[in-house]
Amino acid sequence: MKYIKLFITILYIFILSLPGRISAQETKKNLWYIEPAVRYGRVLPNFKEASWLWQTDLCSVDLRIGRQTDGQKEWEQWFHYPSYGVQLRYSHFNRESIGDKYAVFGFLNGYFFQRPKFAFFYQLGAGINFWTKKYDYYNNSENLFVGGHVSAHIDLGLGISARISPHTDLTLRGDFSHSSNGVLAMPNYGINGLTAEVGLRCRFYEQLDLQYTIDTITQFRPINRLYVSVSPGTKQSRSEWARSDRTAPHLLKHYFATTLEIGYLRQSHPKFRYGGGLDLFYNREILTYFKPEERKEGLCFMPAAFATFDLTFSRLVLHTAAGIYLGRYYSFYEPFYERVGVQFLLGKQKNHLLGVNIKAHLFVADYIEWTYGYSFFNWYDKRPRARKKFRT
């Protein structure tokens, strides 16, 4: 811990000395900032028998490298001038079995309320973790929460910021983080952290000249899309994990899973879109729940119907969906499923998408989907619709 304190001290001295250095090189387009922060909190228990997790302290050092938008692009005005960037995090847990965590993830800050000297905001983040320790039957059997060294990271936060100098803001946040490998390796209960954070945001600008051109945009043409996507992935089997002696979970087989999806999307507003369609799942891991003589290839297929709602930040899409299986052959899976992910739209007409989703049952991860999609038929409404500027 003494090295963490030394690092924080040096970093803060450097940050506090920056305003005098950067004022001479400030330009109108230099909208970047850096934000070191420290956080402290606890680990949330995953289930009743793991209530001891609440006694595990969590200390972190963060560094954000972000860019503040000023309304040059239309989506920036619709979302009230958010900021975005990359965040680095080192986390130390005071429980030897969990070890330390290194994370890197993208983030997006949006504002509920924003004034020159005060703001109330939210943060969304997603990326990857590296864990220094994982489950091992002989040497680390207590750690049922981290099955592999690499896992996905999800970050949600609420915070306030206050101006303390022309280039510096003090930030206070409450943060929830979730780490899970999406059943790539068992066990996979994951680690959930709840923390409070204090940081200093050092901006390479003093005051933004915000663009308000969106008030002159009186019409928006809703667009409709028919699309098809494929989402392959792999997973280990919970049933095989339950039957094994758990001495070597890394030797469990990985089973192929994929989703073929065809759907309809309607974007009636610049900020969001919605739709629905049909999923056809293929998952060979399902066969492990049956006796060898009962295993048939047809059991691996599961049709389903779903509804979806997305937030659209220009080409970045925050994707959510909920569905129900149709004509199930078995009861060991819940009849409903959820999906949450991040997608990026490509091409001049935004017809292609690349993304990563987590499919889950009652918020317990099933597997990670790596998605490619293509909109094969698009059409606009005949009549454009008037849209008002987004306000807080």
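The values are calculated or read from the model by the stated rules, or taken from the named source; none is laboratory data. Keep in mind that what you see is a predicted model, and the values were worked out from it rather than measured. Please note: Cβ atoms are built from the backbone with ideal geometry, for glycine as well, and neighbour counts cover all protein chains shown. Only protein heavy atoms, including side chains, enter the accessible area calculation; ligands, DNA and RNA are left aside. Shrake-Rupley method; radii C 1.70, N 1.55, O 1.52, S 1.80 Å.
By the Stokes-Einstein formula, at 1.002 mPa s and 20 °C, segment 168-275 with its Kirkwood radius over alpha-carbon pairs has D equal to 107 µm²/s.
May I ask you to order 314-323, 146-155 by the average number of other C-beta atoms within 10 Å around their residues, highest value first?
146-155, 314-323
Ignoring any ligand, DNA or RNA, what whole percent of the accessible area of the chain comes from carbon and sulfur when the probe is 1.4 angstrom? Write down the numbers at each step before the final one.
Numbers: 12480 of 19600 Å².
Carbon and sulfur atoms account for 64 percent of the accessible area of the chain.
Which Cα, out of Cys202, Leu170, Pro187, lies furthest along the positive dipole direction of segment 105-264 (beta carbon charges, K/R +1, D/E -1)? My answer, from the dipole projection, is Pro187. Per residue of the chain, the DSSP helices (runs of n ≥ 4 H) give a summed -39500 (n - 2.57) that works out to -2000 deg cm²/dmol at 222 nm. Listed values for segment 55-72 are Karplus-derived 3J(HN,Hα) couplings in whole Hz (6.51 cos²θ - 1.76 cosθ + 1.60, θ = phi - 60°), namely 8, 8, 6, 10, 10, 9, 10, 10, 9, 9, 10, x, 10, 8, 7, 10, x, 5, and x replaces Gly and Pro. Stokes-Einstein diffusion of segment 43-189 at 25 °C, 0.890 mPa s viscosity, Kirkwood radius from Cα pairs, rounded to a whole number: 144 µm²/s. Solvent-accessible area per residue in segment 24-165 equals 46 Å², computed with a 1.4 angstrom probe and all protein chains kept. Each residue of segment 177-193 was assigned a 3J(HN,Hα) from its phi angle through the Karplus curve 6.51 cos²θ - 1.76 cosθ + 1.60 (θ = phi - 60°); the sequence is 10, 10, 10, 7, 9, x, 6, 5, 8, 8, x, 8, 6, x, 10, 10, x Hz, with glycine and proline shown as x. The structure shown yields volume of the Cα convex hull per residue in Å³, and of the options [x] 324; [y] 151; [z] 173 that calculated value carries the label [y].
Report note on the peptides 327-334, 106-113: ranked by the mean count of other C-beta atoms within 10 Å, highest first, their order is 106-113, 327-334. Considering only Ala242, Ala103, Ala126, the mean-square fluctuation computed in a Gaussian network model of the chain, springs between alpha carbons under 10 angstrom, is largest for Ala242.
The distance between label points at Ala242 and Asp209 comes to 6.5 nm (points 7 Å beyond Cα on the Cα→Cβ vector).
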